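The values are calculated or read from the model by the stated rules, or taken from the named source; none is laboratory data. Please read all numbers here as calculations on a predicted model, not as lab measurements. Glycine gets a Cβ as well: all are built from the backbone with ideal geometry, and neighbour counts include every protein chain shown.
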Amino acid sequence: LIVLSSGSATGVLGKLPQTPGDLIVYCLEDLKGCDFKRFRNKLSDFYNEDKLPIPQEKLENADWITTKELLIVTYGDEGALDITIDVLSLIGLMVPANDLQERREQNDFRKEYRKSAKQKFQRIKHYNSRMGEAVHLQKRFTTLLMRKGPQDKKRKEHEIRGSGRIHLKIMEKGQDKYSPTTIQTLFDADENGFNPTIVVLEGPAGIGKTMTSKKIMLDWASGNLYHDKFDFVFYLNCREINTISGTISLVGLLSIACGLSSDDLMSILKDPGSQRKLLTIVDGFDQLRWTLEEESEVCLDISMETHKEIILRRLLSKQVLPQSSLIITTRSLAMKKLNTFIHDSRNVEIQGFTSEDREEYVHKFFGKKEDADKVISIIKENEVLYTMCAVPVTCWVVCTAMKQKIRKDLSSIQCITMTSIYLLYLEVLLTHHSKEQSVHRKQTCLKKLCALANQGVLNKQILFEEKDLERHGLSLSEVESVFLNENIFRREVRTHTRYSFIHLSVQEFLAALYYVLDDGFGFMKGAFLPEICKGKSFNYFRSGFIHLALAVQFLFGLLHEKSVKTFSESTGINISLRARPAMIKWAEKDIKQTFYIPTISCLYETQDEDFIRRVMSRCSSLELHGSRTTHFWKNRNYCKQLRYCLKTLKRENVQSLKVHKLTVSPECQKILSPLLHRSQKVK
């Protein structure tokens, strides 16, 4: 994590280094007269990339200092050193060439800067890290699926709706059509020969943009990435930039961020040759707080102090350091703003973990193979959870929650509910990824987003237009981009922008949260039955309302007092249980002996044994129903949910147990067997 501090930075070496020109003069002075003549002769016909040789008439009678000046004017400071070493090597003067290279390395603050950058980025803190706790980035980082190219509206809708292995197939199919890319190839030329100097990494909150930025820094500093492409890579954290007050220069901003002195930076930034080998990573563009309506001044001087926003505008638009390269990370909702600054960029969408990546991450997280295999097995059992673990922050949340269970009892790990995982996910996003604003404003905005999510779930809508947001009082300037994605689709010759939640399950969770979340003004105090609880009772809910099943399951989970209390204490956002009496009445009404899979899932989600007992003990014969297309019962997850519910019942409550249109695998039978003996009849 980067920490910006005030005050001027000292040089990395602690002393003013010799300039490249000084090193060249010292080297040429040591050459014999005939060797110096051979050097100038070879230099006059030395071609380097697009640079023409220095004309022979200029070199013919040049002394050491004139030759040095010609080299620097033609190739820049660092380039002049490279050419001097190359020419000495070509004419067989290896001793002075090696001596110059050694002096350069001893004097080269690049080497020291790489060392300090490696030390800074090799360890990272997690959201729940205590003082002094950190993990090694190299050991924890897991490759993410990234791809470039425009989105297809139909594929995007399938991806948002898809769960489990269907979601994976959509992701993997997209790799063929939408140009997969990697960190290593971000700046490579495309099939048309386009070499980008600006790369935008976009994706939702928690998808791994910052982790990827830090991995780029670490790999460059370790000499494993862009070694020949960039001499310097700088990392700017936009959240930290927000904390800077007063005026500052570009040199000052970079000095605070990277620890190089102003003198070091001036020697880099003023040299066009050095600029071409400079990369700046601007991490979290969407987090920047823009306060200036219009530009009040022009600032093209890298040492001139002005407002930080003016500095950033000039840097992003390439009005300063035009030869340098940029990597910008942002959430998609900020792309419209970013596009006012940049041109000719390569846009890359970070998609998250593939199936193999998820397993790799879990193994890296736990270290112990037995624990990792156990967690992977449980994640795979839950289709929705398995889908959401494509998002690294969700995968971290799941692993963190399960690690606590493992420490207590390996068998208790099965009692983690969907709602508890999504509450923890929401807590992490609100605490570590959302805008810096008061709890009241955050809660008000969240309530509006939940209203949007609820309306979409009721109407089977997953892509929203700007007018839909406005209808719920949401403006793009204030909306929490932590929850919404901006999807730009091509429509004939125009583009059409729609907005979506990161995944349908997140929309369904927020829809459920809408009915229990206070809006910050104390409205909706009375008890009521949520609108998504369709049908005259829970028993009749299944018919015709399958699209609301997961949202209702989350709603039952939000009746769990301990979970919502923990969330409220951590975030300051109050969750009310005002809907609880009406939902209990709805659930208990018209109870018959038939229970469908969604019913069992909802009851399990409450983790309330008394409530489950009150509902299920009303009938002595239980019938568990699936449908002709149901394969869920092959899944151990649902067997565990049933076992939990059956355990709440007394022996005399269950006279018989019948299973209809469900495939009960041998493994599920084994899970249920300790409870089946309670029934006199099992069919």
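Keeping to the stretch 350-385, report how many residues are assigned to a loop (DSSP other than H, G, I, E, B) and within 20 Å of ILE183 (Cα to Cα). So the answer is 2.
Annotation note: Cβ proximity below 7 Å between a residue of the stretch 111-126 that is among the β-branched types (Val, Ile, Thr) and a residue that is at pLDDT 90 or above and surrounded by fewer than 18 Cβ atoms within 10 Å (Cβ to Cβ) (sequence gap 6+ or interchain) occurs for ILE124/LEU137.
If a residue has to be over 16 Å from PHE46 (Cβ atoms) and assigned to a helix (DSSP H, G or I) to count, how many in the stretch 56-70 make the cut? Spell out how you get there, then give the answer.
Kept after step one, since they are over 16 Å from PHE46 (Cβ atoms), are these residues of the stretch 56-70: 61, 63-66, 69.
Applying the additional criterion that residues be assigned to a helix (DSSP H, G or I) yields 64-66, 69.
Total satisfying the criteria: 4.
Checking each residue in the stretch 487-541 for being hydroxyl-bearing (Ser, Thr, Tyr) and at pLDDT below 60 picks out only THR495.
Take the conditions charged (D, E, K, R), part of a helix (DSSP H, G or I) and surrounded by 18 or more Cβ atoms within 10 Å (Cβ to Cβ) and apply them to ASP219. Does it pass? Break it down into steps so the answer makes sense when it comes.
Details: charged (D, E, K, R): yes; part of a helix (DSSP H, G or I): yes; surrounded by 18 or more Cβ atoms within 10 Å (Cβ to Cβ): yes.
Criteria met by ASP219.
In summary, ASP22 fulfils each of the numbered conditions (1) in a helix (DSSP H, G or I); (2) modelled with pLDDT of 90 or more; (3) not β-branched (Val, Ile, Thr) with the single exception of condition (2).
Pairs linking a residue in the stretch 452-472 that is touching a residue at least 40 places away in the same chain (Cβ under 8 Å) to a residue that is surrounded by fewer than 18 Cβ atoms within 10 Å (Cβ to Cβ) and part of a helix (DSSP H, G or I), with Cβ atoms under 6 Å and 6 or more positions apart or on different chains, are LYS460/HIS547.
Every residue, every condition in (1) surrounded by fewer than 19 Cβ atoms within 10 Å (Cβ to Cβ); (2) at pLDDT below 90; (3) of a type in the set (Gly, Ala, Ser), yes or no:
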{"site": "LEU4", "(1), (2), (3)": "yes, yes, no"}
{"site": "GLN18", "(1), (2), (3)": "yes, yes, no"}
{"site": "LEU28", "(1), (2), (3)": "no, no, no"}
{"site": "PHE46", "(1), (2), (3)": "yes, yes, no"}
{"site": "ASP50", "(1), (2), (3)": "yes, yes, no"}
{"site": "LYS68", "(1), (2), (3)": "no, no, no"}
{"site": "ILE83", "(1), (2), (3)": "no, no, no"}
{"site": "ASP86", "(1), (2), (3)": "yes, no, no"}
{"site": "MET94", "(1), (2), (3)": "yes, no, no"}
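Would you mind stating whether ARG289 is more than 30 Å from LEU426 (Cα to Cα), touching a residue at least 24 places away in the same chain (Cβ under 8 Å) and in the same structural domain as LEU201 (by TED's automatic domain parsing)? When the stated conditions are applied, ARG289 does not pass them.
Here LYS364 passes the criteria (1) at pLDDT 80 or above; (2) basic (Lys, Arg); (3) out of contact with any Ser or Thr (no Cβ under 7 Å at 6 or more places or on another chain) except the one numbered (3). Counting residues in the stretch 207-215 that are assigned to a helix (DSSP H, G or I), more than 22 Å from the chain's Cα centre (by Cα), modelled with pLDDT of 90 or more and not small (Gly, Ala, Ser) gives zero. With the requirement that a residue be of a type in the set (Lys, Arg) and more than 16 Å from PRO96 (Cα to Cα), what does the stretch 32-85 give you? Selection gives LYS51, LYS58.
Beta carbons closer than 8 Å, at least 6 apart along the sequence or on distinct chains, pair a first residue in the stretch 33-53 that is assigned to a loop (DSSP other than H, G, I, E, B) with a second that is exposed (fewer than 10 other Cβ atoms within 10 Å of the Cβ) for PRO53/ASP45; PRO53/TYR47. Scanning the stretch 543-560 for residues that are farther than 15 Å from MET418 by Cα and surrounded by fewer than 22 Cβ atoms within 10 Å (Cβ to Cβ) gives SER543, GLY544, PHE545, ILE546, HIS547. Annotation: LEU201 fulfils all but one of (1) within 21 Å of THR143 (Cβ to Cβ); (2) modelled with pLDDT under 85; (3) crowded, with 18+ Cβ neighbours inside 10 Å; the unmet one is (2).
State yes or no: is GLY246 in a loop (DSSP other than H, G, I, E, B), in contact with a His (Cβ under 8 Å, 6 or more places away or on another chain) and not acidic (Asp, Glu)? Give the steps one after another, and end with the answer.
Working: in a loop (DSSP other than H, G, I, E, B): yes; in contact with a His (Cβ under 8 Å, 6 or more places away or on another chain): no; not acidic (Asp, Glu): yes.
Answer is no for this residue.
Looking at the stretch 330-340, is at least one residue touching a helix residue (DSSP H, G or I) at 6+ places or on another chain (Cβ under 7 Å) and modelled with pLDDT of 90 or more?
Of the stretch 330-340, the ones touching a helix residue (DSSP H, G or I) at 6+ places or on another chain (Cβ under 7 Å) are 330-331, 333-334, 338.
Subset that is modelled with pLDDT of 90 or more: 330, 338.
Looking for residues that are touching a helix residue (DSSP H, G or I) at 6+ places or on another chain (Cβ under 7 Å) and modelled with pLDDT of 90 or more, one finds at least one in the stretch 330-340, hence yes.
Criterion applied to ILE421, ILE350 was being β-branched (Val, Ile, Thr), at pLDDT 90 or above and either buried (at least 20 other Cβ atoms within 10 Å of the Cβ) or in contact with a Gly (Cβ under 6 Å, 6 or more places away or on another chain) (or both), and the one residue passing it is ILE350.
Residue-by-condition table, conditions (1) in contact (Cβ under 8 Å) with a residue 60 or more places away in the chain; (2) closer than 29 Å to LEU236 by Cα; (3) in the same structural domain as TRP290 (by TED's automatic domain parsing):
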site	(1), (2), (3)
ILE328	yes, yes, yes
MET335	yes, yes, yes
THR340	no, yes, yes
VAL348	yes, yes, yes
HIS363	no, no, no
PHE366	no, no, no
ILE379	no, no, no
ASN382	yes, no, no
